[in-house]
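For reference, the structure discussed in these notes is given below.
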Amino acid sequence: MTSGSGHAGAGGSDRPVRVLQVLATAEPGGVERNISRLLPRLRQRGIGSDVLLLRAGGPIEEALRRERIDVYSLPGIGPLKNGNAFARLLRARGYEVLHAYGARAALLTRHAAARCGRQRPHVVTAITGVRRGRDVLRQAADRITRRWNDLYVADCEASARAAIAKTGIPVERVQVVHPGIEMAGDGAVRSRAETRGSLGLGQADPVLICVANLRPMKGHRHLLQAFGKILAEFPGARLLLVGADRMGGTLQAEVRNCLPHGSVRFLGVREDVRDLLRASDIFVLASEAEGLCVANLEAMRAGLPVVVTAVGGLPEAVRPGLDGYLVPPRDPESFARAVRQLLNDRSRAEQMGLRARERVLSCFSIERTADRMASLYSRLVRGSGGGISRADPA
C-alpha cells in the first residue's frame with residue numbers, strides 16, 4: 001500500500017464525512033477526469049475524500065496530488081494481499097463511505113467492507129455507461145456481494161434503467177447524478193488559428209474532432225466509414241482523434257489503406273483538449289454504448305454542435321436539431337448525412353453550438369454535481385431522508 005504526500009482535509013462541517021474513492025486506474029478517461037474535478041469541490045462541502053487505485057500511475061493521479069488529495073494504491077500481487085492491504089487502510093483511516101468505480105473495484109470494495117464487521121463503512125457503487133450484451137460472471141458476482149452495497153449512483157437515467165433491468169438492483173437503492181464540467185472560462189490557452197497552425201491544418205478546413213479512447217465500444221470504425229463518405233463532398237475535411245489507443249494500431253492501419261493521407265490525425269492523449277476543441281468545427285462520437293459522456297459535455301461547453309449516436313445517456317444531454325444531431329449507432333450513412341448538413345449550413349451549425357453551450361452551462365455544472373453528491377454522502381452516513389439507508393447484509 002502506497003500513499004502520496006498531502007492531506008485530503010475537508011471544510012464546512014465540524015465532523016467531515018470521510019469517503020474513499022476506489023478506482024481501477026488513474027489513466028485519462030471521462031470518469032477519472034470527473035472525479036479529479038469533483039473531489040476539491042466536495043472538500044468545500046464538508047466531504048473529505050481520499051483515492052485508492054487498484055493500479056498506480058497515470059496523469060489523473062498527478063492531478064489529484066496537486067489538489068492535496070491523498071492517493072493510495074494496492075500492491076497488485078494477488079487478491080489475498082490486495083484484500084489484506086485494503087482492510088488495513090480501512091482500519092487505519094476510518095472511512096465512513098467507500099465509493100467504487102468499475103466491476104473489479106466494486107467487488108474488492110464490498111469484500112473489504114464486509115471484513116470490517118459491525119464497523120462496516122457504507123458502500124456506493126458507480127454505474128457508468130450502458131453496455132450491450134450480458135456478462136454472466138460479473139452479474140453473478142454482483143448479486144452475491146450486493147448485500148454489502150448500500151447505494152448505486154448512475155451517471156444518467158439510461159444507465160440506471162439498464163442496470164435495474166439487467167441485474168435486478170432494487171430501484172430504491174439507485175440514484176442518478178449527472179457528471180458536471182467546470183464553468184469558469186473555456187480553459188483554452190491558444191487561439192484557434194495558433195492551434196490549427198501547430199497541427200498543419202488550414203484555417204478554412206472543416207475540422208471534426210472525437211475525444212474518446214480508441215476501443216471497439218466507442219465506434220471509431222463506424223466513424224471512419226462515415227468520414228470517408230464526408231470526404232466525397234468535403235475533400236478538405238480533417239478528423240482529429242484524441243485518446244489513448246486500446247486497439248493496437250489497427251485503426252491507423254485501416255486509415256492508411258482506406259483514406260487519403262493526412263485526412264485523419266491520431267493525436268493520442270492530450271493535455272490541450274480545450275485548445276483542440278476551440279480549433280474544431282463539429283464534435284463527433286459514434287459510440288455503440290455510452291453513459292452521459294463528459295467529452296460530449298465539454299465539446300458542447302466549447303460551443304461546438306455535436307453529432308453523436310443515440311445511445312446511453314447522450315439523448316439526455318443533446319436536443320436533436322437544437323444542439324446537434326442524434327443518429328442511430330452503427331449507421332455510417334446517417335452519421336455522414338448529419339455532419340454534411342452542418343458543413344453545408346455553417347450559420348445553423350454556429351447557432352446550434354451556441355445553444356449547446358447554453359444548455360451545458362445551465363444544466364451540467366460541476367458545482368451542481370458536487371452539491372448532489374455531498375447531499376447523498378451525508379444522508380447515507382446520517383440516515384436522514386430520501387429512503388437512503390444501510391443495506392441489510394443478512
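The values are calculated or read from the model by the stated rules, or taken from the named source; none is laboratory data. Predicted model, so just to flag it, every value in this text is computed and none were measured. Cβ: placed from backbone, ideal geometry, glycine included. Neighbour counts: every protein chain shown.
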request  = Looking only at the stretch 85-98, decide whether some residue is without any contact (Cβ under 8 Å) to a residue 24 or more places away in the chain and assigned to a helix (DSSP H, G or I).
outcome  = yes
message = Is it the case, given these coordinates, that Ala56 is crowded, with 22+ Cβ neighbours inside 10 Å, under 20 Å from the mean Cα position of the chain (by Cα) and small (Gly, Ala, Ser)?
response = no
key: Restricting the stretch 120-134 to residues that are farther than 14 Å from Leu20 by Cβ and modelled with pLDDT of 85 or more, the residue that is farthest from the chain's Cα centre (by Cα)   = Ile127
inquiry  = Suppose the filter is out of contact with any Phe, Trp or Tyr (no Cβ under 8 Å at 6 or more places or on another chain) and of a type in the set (A, V, I, L, M); does Val311 pass it?
reply    = yes
remark   = When every residue in the stretch 70-114 that is in contact with a His (Cβ under 9 Å, 6 or more places away or on another chain) and among the β-branched types (Val, Ile, Thr) is compared, the one farthest from Val19 (Cα to Cα) is Thr109
task = Quickly run through the stretch 185-196 and pick out the residues that are of a type outside the set (S, T, N, Q) and crowded, with 19+ Cβ neighbours inside 10 Å.
result = Arg196
inquiry  = Which residue is surrounded by the fewest Cβ atoms within 10 Å (Cβ to Cβ), if the candidates are limited to the stretch 159-184 and must be assigned to a helix (DSSP H, G or I) and touching a strand residue (DSSP E or B) at 6+ places or on another chain (Cβ under 7 Å)?
reply    = Ile164
message = Can you tell me how many residues within the stretch 290-319 are polar (S, T, N, Q) and either farther than 19 Å from Arg340 by Cβ or in a loop (DSSP other than H, G, I, E, B) (or both)?
response = 1
task = Could you please let me know if Ala299 is buried (at least 24 other Cβ atoms within 10 Å of the Cβ) and in contact (Cβ under 8 Å) with a residue 60 or more places away in the chain?
result = yes
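Let's see how each residue does on (1) β-branched (Val, Ile, Thr); (2) under 20 Å from Ala212 (Cα atoms); (3) part of a strand (DSSP E or B):
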| residue | (1), (2), (3) |
| --- | --- |
| Glu27 | no, yes, no |
| Glu32 | no, yes, no |
| Leu38 | no, no, no |
| Leu52 | no, no, yes |
| Glu62 | no, no, no |
query = Among the listed residues Leu201, Leu224, which satisfies the condition of being under 27 Å from the mean Cα position of the chain (by Cα), surrounded by fewer than 22 Cβ atoms within 10 Å (Cβ to Cβ) and at pLDDT 95 or above?
reply = Leu224
request  = Might you check whether a residue that is assigned by TED's automatic domain parsing to the domain that holds Ser334, of a type in the set (Asp, Glu) and touching a His at 6+ places or on another chain (Cβ under 9 Å) occurs anywhere in the stretch 258-271?
outcome  = no
message = Any residue that is under 18 Å from Glu290 (Cβ atoms) and either assigned by TED's automatic domain parsing to the domain that holds Gly83 or at pLDDT below 95 (or both) - is there at least one of those in the stretch 135-147?
response = yes
request  = Tell me, yes or no, whether the stretch 143-158 has at least one residue that is among the small types (Gly, Ala, Ser) and either surrounded by fewer than 21 Cβ atoms within 10 Å (Cβ to Cβ) or assigned to a helix (DSSP H, G or I) (or both).
outcome  = yes
key: Residues of the stretch 320-355 that turn out to be outside any strand (DSSP E or B) and within 23 Å of Ala154 (Cβ to Cβ), as a count   = 2
request  = Test Thr109 against the stated conditions and say whether it is farther than 19 Å from Val51 by Cα, more than 19 Å from the chain's Cα centre (by Cα) and hydroxyl-bearing (Ser, Thr, Tyr).
outcome  = no
